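Peer 1: Below are the structure tokens for one structure; questions will follow.
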Amino acid sequence: MPKSIRDAYGEALRKYGVPTENVIVLDADLSGSTKSVLFAREAPDRFFNVGISENNMVAMAAGMSTCGKNVFVNTFTSFLTTIGACASKALISYGKLNVKLAGAYAGLSGAYDGPSHHSLEDIAIMRAMPNFTVFVASDEIMTDRITKYLAQEHVGPAYFRLSREAFPQIYSESDTFVPGGSKVLCEGKDAVVFSMGFMVSKALEAAKKLKAEGIEVTVVDLYSIKPLDRDTIVKYAKSTGAVVAAEEHNVIGGLTSAVSEVMLTEGAYAPLESVSMPDRHAETGKYSDLTKKFGFTAEAVEAAVKKAISRKGK
Amino acid sequence: MIKYNHEIIFCAAETSYCGAYFKEVKMSLDPKRKAYLESLCRQFRIDVIETLHSIQTGHPGGSLSVCEILTAIFFEKARFDAKNPKWPGRDRIVLSKGHAAPMLYRILAELEFFPKEDLKTLRQAGSHLQGHPSPNHTPGIEIPTGPLGFGYSAALGMALAQRLDYPDAYTYAILGDGETNEGIVWEAAMSASKFKADNFITILDNNHVQLDGPSNVIMPMGDIHAKWSAFGYNVIHCNGHDVEDVCDAIDEAKAKKGMPSIIIAETVKGKGVSFMEGNNKWHGSAIDDESYKKAMAELKGGALDA
Ligand SMILES: Cc1ncc(C[n+]2csc(CCOP(=O)(O)OP(=O)(O)O)c2C)c(N)n1
Ligand SMILES: [Mg+2]
């Protein structure tokens, strides 16, 4: 059983953040949930728990970064990217500041807590802020590598979408991840599924089942939502002629939007189906019940692939 | 019956604010009524722990601490009609610390806003009882709460809007002590004072614990009496686990004209279950079987003593 994404993140922040002297970590009374507590225990003088004050926390991080610090900001992303949005835009984005926003409990992973704690709009918000690099975690190893990169290499605004959940392992120790990169996880000529986060493993499951039916599908993990690997999107949209975008996010403003923007502006015309949240809120419930109920499943990806293929040439 | 007493309310030892307040204790509740409300509270605690154990999710600590506060408001002080929950002249009750929804739902069910059987479905897919209060799902809920602090400004908005149309209606807002870390709470306080919202009654569930630990460690709020007072509030103190004392404090708040009132209710997080009391571990942990048995023995044992 792989580690949960939050455990992988907290462990990586401890492992790479503690020895990196300019890393500072902030949290807003959720360090036990975000797992920033693991860093706090080993580097208490570089950890600031600001209490329940997200607005203050994000703006504080902006200030700290101007003094040469690399500041990791932790809380539920449903608050981080909304309450923290003004400071993210007007200070961090505009000022090109070295702040890393770690979005805990993204997607539906705040499950039982309900829609006020779910986050199906964070990518739309963060993607629209200039200068931000935006990553989405799709497994434990990637979470570790990207956290390391953000702690030790990346200078500038970044948003990293995390989860409370454990996702199936996709990558091996030798895999590397860079801004603007993507991972082609399997190749097939009939359709392409662009995916992120939890939906990458669902897309792979779907590709396996479809293969048994003789349908060959390419699966791409667009873990770097910004900058986006435009070339790979164009290449497979053109070569397969049938596109599916699969994301644990509102259909508006996330991966579906990002992919379609590239396809249309680059002239890579092909039918596009979206597996995402129609423009509505979810509800309270167990994570696995919610992902089923709202169609974040391999079956939904399979159906979308078939539909996209059936629309070819029309 | 009014008995003048001098009761000294001490803040819990770990709080950074340690003062003593002398207040007049009016015995405003009929003793039988008081005993009835106390027996309700005992049952509410038992039922909430039972539900949270059965669903393995939800927030026990802050639900247990707010029990008497909500009971005093809903059973004694507020005007509303459970059969006509949208009656426009009703008092508004906003649980700004929305994570204590399990206790709120238990009370709404007792008042027949919806059937008690529904409580079993709490937090499950398909239930009308969402993890945090949602007006589009549950009768008796005025506005979504959950993101801490926002409910407080919303409640003030209700008070100011109601004052235009129903000047005798009150709005009750219930805050957590950790929740008052949020800047928006103090922005709302400035507005409440500026607009002289004397129909706006705030009750602070001052249980001295937030999520990551004790409140005075996570974010020391200092002299909260002086803070609220400086923000233009009439500040009242009470024992938040004495229903009658909460009722008296509400009466005192209503008597104050021209400014908003806040009742600082001294409470214990996890009240009634010894190992949950004052322990942030039980803010939102699932209740395991062994803890459940111990909790039930304590809560039910208490019922036998009474
Ligand atoms: C804006 C916001 N930030 C963070 C949280 C997560 N959270 C839920 S409850 C809680 C602690 C609340 O402490 P307190 O207000 O003292 O409540 P109580 O002790 O009564 O449970 C936190 C940090 C939230 N719900 N909303
Ligand atoms: Mg508290």
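Peer 1: Using +1 at the Cβ of each Lys and Arg and -1 at the Cβ of each Asp and Glu in the range B:146-196, identify which of B:183, B:156, B:193 lies farthest towards the dipole's positive end.
Peer 2: It is B:193.
Peer 1: Pull up all non-local amide H partners of residue A:275: gap of 5 or more, or a different chain, and H-to-H distance under 5 Å with H placed in the peptide plane.
Peer 2: A:245, A:246, A:247
Peer 1: Let me ask you something else. Just add up the charged neighbours of residue B:204: K/R +1, D/E -1, any other residue whose Cβ is under 12 Å from the Cβ of residue B:204.
Peer 2: Local net charge: -2.
Peer 1: Okay, moving on. Give me the dipole magnitude in Debye, nearest 20, for the range A:183-310 about the Cα centre, with unit charges on the beta carbon: positive for Lys and Arg, negative for Asp and Glu.
Peer 2: The calculation lands at about 140 debye.
Peer 1: Oh, and also: Antiparallel as a % of all DSSP beta bridges within the protein assembly as shown, to the nearest 5?
Peer 2: Expressed as a percentage, antiparallel bridges in the protein assembly as shown total about 20.
Peer 1: With a 10 Å Cβ neighbour count serving as the proxy for reagent exposure, in which order, fewest first, do A:209, B:300 appear?
Peer 2: Exposure proxy ranking, most exposed first: B:300, A:209.
Peer 1: Report the local net charge at residue A:105: Lys and Arg +1, Asp and Glu -1, summed over other residues whose C-beta lies under 15 Å from its C-beta.
Peer 2: Net charge in that neighbourhood comes out at -4.
Peer 1: Quick check on the exposure proxy: order A:92, A:125, B:93 from fewest to most C-beta atoms within 10 angstrom.
Peer 2: A:125, B:93, A:92
Peer 1: Under 8 Å for C-alpha pairs, at least 6 residues apart: give me the relative contact order for chain B, rounded to a whole percent.
Peer 2: Computed value for chain B: 23 percent relative contact order.
Peer 1: Given the convex hull of the Cα atoms of the range A:183-310, what is a quarter of its surface area in nm²?
Peer 2: Hull-based average projected area comes out at 7.2 nm².
Peer 1: Find out how many positive minus negative residues lie around residue A:7, taking Lys and Arg as positive, Asp and Glu as negative, among other residues whose Cβ is under 10 Å from that of residue A:7.
Peer 2: +2
Peer 1: Rg and Dmax in Å for the range B:25-70, alpha carbons only: what are they?
Peer 2: Every Cα atom of the range B:25-70 included, Rg and Dmax give 13.2, 41 Å.
Peer 1: Can you sort B:186, B:282, B:87 by how many other beta carbons sit within 10 Å, fewest first?
Peer 2: Ranked by crowding around the Cβ, least crowded first: B:87, B:186, B:282.
Peer 1: Another question about this same structure. Based on the Kirkwood radius over alpha-carbon pairs, what is the Stokes-Einstein translational diffusion coefficient of the range A:5-161 at 10 °C with 1.306 mPa s viscosity, in µm²/s?
Peer 2: The estimated diffusion coefficient comes to 107 µm²/s.
Peer 1: Shifting gears a bit: Could you tell me what percent of the DSSP beta bridges with both partners in chain B are antiparallel, to the nearest 5?
Peer 2: Antiparallel bridges: around 20 percent, rounded to the nearest 5.
Peer 1: OK, next. Taking the Cα centre of each part, how many Å lie between the range B:229-306 and the range B:188-213?
Peer 2: 15
Peer 1: For the range A:1-43 and the range A:234-266, what is the separation of their Cα centres, given in Å?
Peer 2: Centre-to-centre distance over Cα atoms comes out at 33 Å.
Peer 1: Where the centre of each part is set by its Cα atoms, how far does the range B:25-104 sit from the range A:79-94, in angstrom?
Peer 2: 37
Peer 1: Using the Kirkwood formula over every pair of different C-alpha atoms, what hydrodynamic radius in Å results for chain B?
Peer 2: The answer is 19.3 Å.
Peer 1: What is the range A:183-310's relative contact order, in percent, from Cα pairs under 8 angstrom and six or more apart in sequence?
Peer 2: Relative contact order, the range A:183-310: 30 percent.
Peer 1: Also, I was wondering about something else. May I ask you to list the residues of the range B:146-178 whose amide nitrogen lies under 17 Å from a point 7 Å from Cα along the Cα→beta-carbon direction of residue B:257?
Peer 2: Counting backbone N atoms under 17 Å from the label point, the list is B:163-164, B:167-170.
Peer 1: Continuing with this model, one more query. Report the normalised scattering of chain A as log10 I(q)/I(0) at q = 0.10, 0.12, 0.15 Å⁻¹, calculated by the Debye formula with identical scatterers on the alpha carbons.
Peer 2: Once normalised to I(0) and log-transformed, intensities are -0.51, -0.74, -1.13.
Peer 1: Okay, next question. How big is the Cα convex hull of the range B:199-306 in projection, averaged over all directions, in nm²?
Peer 2: 8.2
Peer 1: What spacing in nm lies between the two simple spin-label points modelled at residue A:7 and residue B:164, each 7 Å away from Cα in the Cβ direction?
Peer 2: The modelled label-to-label distance comes out at 5.4 nm.
Peer 1: Further question: Could you state the principal axis extents of the C-alpha atoms in the protein assembly as shown, from the largest down, to the nearest angstrom?
Peer 2: Principal-axis extents of the protein assembly as shown (Cα, largest first): 86, 53, 52 Å.
Peer 1: Of A:276, A:300, A:194, whose Cα points farthest to the positive end of the dipole of the range A:183-310 (charges on the beta-carbon: +1 Lys, Arg; -1 Asp, Glu; origin at the Cα centre)?
Peer 2: The residue sitting most towards the positive pole is A:300.
Peer 1: Return the sequence-ordered ³J(HN,Hα) values of the range B:123-137 in whole Hz as given by the Karplus equation 6.51 cos²θ - 1.76 cosθ + 1.60 applied to θ = phi - 60°, using x for Gly and Pro.
Peer 2: 6, 8, 4, x, 7, 7, 9, 6, x, 10, x, 9, x, 7, 10
Peer 1: Right, next: Name the residues whose placed amide hydrogens come within less than 5 Å of the amide hydrogen of residue A:166, ignoring near sequence neighbours (fewer than 5 apart) on the same chain.
Peer 2: For residue A:166, the qualifying residues are A:5.
Peer 1: Search the structure for amide H atoms under 5 Å from the amide H of residue A:75, placed 1.01 Å from N in the peptide plane, and list their residues when 5 or more places away or on another chain.
Peer 2: A:102, A:104
Peer 1: Continuing with this model, one more query. Just want the answer: with Cβ charges of +1 for Lys and Arg and -1 for Asp and Glu, which residue in B:46, B:70, B:56 is farthest toward the dipole's positive end in the range B:31-78?
Peer 2: B:70
A short reminder: the numbers here are calculations on the coordinates, not readings from a lab. Remember, predicted model here, so these are calculated numbers, not experimental data. With ideal geometry, Cβ positions are generated from the backbone for all residues, glycine too; neighbour counts draw on all protein chains shown.
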